[in-house]
Amino acid sequence: MQRTFVTSTLRTSIDLSGSGWTFSPMEGEHAGKSFPVTIPCVWETIPGFESYRGKGVFRKSFRAGGCLRLEFGGVSHTGEILFDGKKLGSHYNAYTSFSFALKDVQEGEHLLEVIADNTFSEKSALHVPNDYMTYGGISRGVLAEEISDTWIESVHVVPKKDTEGYSARIRVHIRNLAEEKRSGTLLVEIPGVGQTELAFSCGPRGEQILETGIRAENVTEWCPEHPALYQIHTVLKTNDRALDDLTDRFGFRTIEIRGRDILLNGRKLLIKGFCRHEDSPLFGCALPLAAMQKDLELIRDLKGNAVRTTHYPNDPLFLDLCDEQGILVWEENHARGLSEEQMRNPNFESQEEQVTREMVDQHINHPSILIWGILNECASDTEYGYTCYKKQYEILKELDPSRPRSSASCKFKTDICFGLPDIVSYNIYPEWYVDQPAKEYLADLYQWVQNESKGSGKPFLITETGAGAILGYHSPAMVKWSEEYQSTALEDQLHAILELDGCSGVFIWQFADNRVSDSWALHRPRTMNNKGVVDEYRRRKLSYETVKRIFSAYGNYTD
Ligand code: ADA
């Protein structure tokens, strides 16, 4: 795994990110030409390919042998992987990782080819022309690991608290590529807390899921003020020989719903967050760790305590930084504003289920993730939409019942899905899309939710609010798109939201300006969504200090 900490000592990790790659477009006037690139890389950052929509192949040769695990953090939006010219498989969706395991690889030089495709078509139900950019390329890291042919694929840890204190519920996925059965012991250790040992047995080319628990006395809870993290080490042994080891990281904390409140470790949480796209004029969606860190430094400077991963699962490295720095996360599956017609795309349900399952499987251990979100602003006002929302909430609950579930609605008083989520969440733009005072608009909506919807009595969150501003455009006339207008609108919106009794907080739309699909250019000056409190280069707008002043007046809790 590609994380901010060491995940194995027994595996030989070959970090394939970095230099030594070439990119070759497979279509258009430059088809077949070869350009040196470093990975991660999306081709829109290569001169001449700023708007290339099609297929391109990335190539790298590297030395390895034995049993190999090849992991791709993200390929946008569809990746086809070839190893020494042989197709290993493909993966749809830029925002979750995928891997292949190969055994009996001859020691020596091997050619890895990644064919990325960012074409829009009926085949792609989630990556569609939208208010964010679907880039093309290898958007996250690539890792090769020389491993035993019996290894630990993943370790899930869910903290539980009961009257006697905490315990860690643990689920280990073991895989076996050998032609014969493998059995032995699995050691599970949480340093400073406890350990246990179990027997494992995997049939030929089989796999096994082992579940266990470790009681945890006197642990330190994870929280924004003190983000205490614990590691979990697992070691697979057979005949006292260590075959494989895998380390992951988690935190002891509780997140629960009590009436209208969201409780973190038993305290009523107040979310002061930002919606953030993985987007940059220099890197596209392939942000390096340093750029992620800069964003978090600004969010903390703004006195924010949360990030909403709009509108897709984020890079695990970013989530690692949130874990380490105590930034709360609403993570959501991949969807933005899909109509009922788009939800009826024959690929929609399977592609959405896949990204949801991969999101939870790969990110379940991050203590910073407090809420799972689905289907941002999709058709939650139609019967067909309702069936899709219902199914996805059921999948989420099956995968991880430990976290509350929600989705951000823009359907005002026509949403029919509020009986499904644990939290009622709305995207509202009074004084921008709706020329109505924020306080009045919000009070009216909140009353409707409490008196006429199935969301009555549930926690209530504003998951988007904001206004557009072009950096550098100033107008004493306070017209829209001026920095002054954005600052004033956000002042009104934030006061209305944070002063509303029964509201658990807000995610501002948005942290930074982001690139949008070319076809959105008429709605979006500069072909950008300009509602950031900083622009795409993270240069501050007037609203930056306004937000900082208002957020500074509130803590992380309301009790
Ligand atoms: C919606 C959507 C965001 C963005 C925003 C806007 O709420 O969820 O992705 O498009 O509108 O800027 O209009």
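Away from the ligand (no atom under 16 Å from the Cβ), out of contact with any helix residue (DSSP H, G or I) (no Cβ under 9 Å at 6 or more places or on another chain) and closer than 22 Å to Phe252 by Cα, is that true of Leu370?
yes
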Check your understanding: If you check Asp415 against the conditions, is it within 16 Å of the ligand (Cβ to nearest atom) and of a type in the set (Asp, Glu)?
Key -> yes
Review point. (1) assigned to a strand (DSSP E or B); (2) among the small types (Gly, Ala, Ser); (3) surrounded by fewer than 17 Cβ atoms within 10 Å (Cβ to Cβ): which one isn't true of Gly192, the others all being true?
Key: (1)
Practice item. Identify the residue in the stretch 510-532 that is within 13 Å of the ligand (Cβ to nearest atom) and aliphatic (A, V, I, L, M) and, among all such residues, is farthest from the chain's Cα centre (by Cα). Key: Met528
Review point. Within the stretch 443-475, which residues are part of a loop (DSSP other than H, G, I, E, B), in contact with a Ser or Thr (Cβ under 9 Å, 6 or more places away or on another chain) and closer than 27 Å to His523 by Cα?
Key: Gly466, Ala467, Ile470, Tyr473, His474, Ser475
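Mind checking which residues of the stretch 481-496 are within 16 Å of the ligand (Cβ to nearest atom) and buried (at least 24 other Cβ atoms within 10 Å of the Cβ)?
Matches in the stretch 481-496: Gln486, Ala489, Leu490, Gln493.
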Point to revise | Residue ID - nearest to Thr310 (Cα to Cα), chosen from residues in the stretch 442-480 that are within 16 Å of the ligand (Cβ to nearest atom) and small (Gly, Ala, Ser) | key: Gly466
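Have a look at Glu499, Glu536 and point out the one that is closer than 22 Å to Trp448 by Cα and either within 12 Å of the ligand (Cβ to nearest atom) or surrounded by fewer than 22 Cβ atoms within 10 Å (Cβ to Cβ) (or both).
Within the list Glu499, Glu536, the selection yields Glu499.
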Point to revise | Candidates Ala408, Ala438 - the one that is under 30 Å from Trp222 (Cα atoms), in contact (Cβ under 8 Å) with a residue 12 or more places away in the chain and within 16 Å of the ligand (Cβ to nearest atom) | key: Ala408
Check your understanding: Is there a residue being over 30 Å from Arg53 (Cα atoms) and at pLDDT 95 or above anywhere in the stretch 525-540?
Key -> yes
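Mind listing whichever residues of the stretch 320-347 are among the hydrophobic types (A, V, I, L, M, F, W, C), out of contact with any Pro (no Cβ under 9 Å at 6 or more places or on another chain) and away from the ligand (no atom under 15 Å from the Cβ)? Can you show your working first?
Applying the first criterion (among the hydrophobic types (A, V, I, L, M, F, W, C)) to the stretch 320-347 yields 321-322, 327-330, 335, 338, 343.
Then drop every residue that is not out of contact with any Pro (no Cβ under 9 Å at 6 or more places or on another chain), which leaves 321, 329-330, 335, 338, 343.
Matches in the stretch 320-347: Leu321, Val329, Met343.
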Review point. Just to be sure, is Asp84 within 16 Å of the ligand (Cβ to nearest atom), in contact with a strand residue (DSSP E or B) (Cβ under 7 Å, 6 or more places away or on another chain) and at pLDDT 95 or above?
Key: no
Practice item. Specify which of the listed residues (Gly74, Gly79, Gly56) is surrounded by 17 or more Cβ atoms within 10 Å (Cβ to Cβ) and in contact with a helix residue (DSSP H, G or I) (Cβ under 6 Å, 6 or more places away or on another chain). Key: Gly56
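The values are calculated or read from the model by the stated rules, or taken from the named source; none is laboratory data. Fair warning: this is a prediction, and the values are worked out from it, not measured in the lab. Note that each Cβ is placed from the backbone with ideal geometry, even for glycine, and that neighbours are counted across all protein chains shown.
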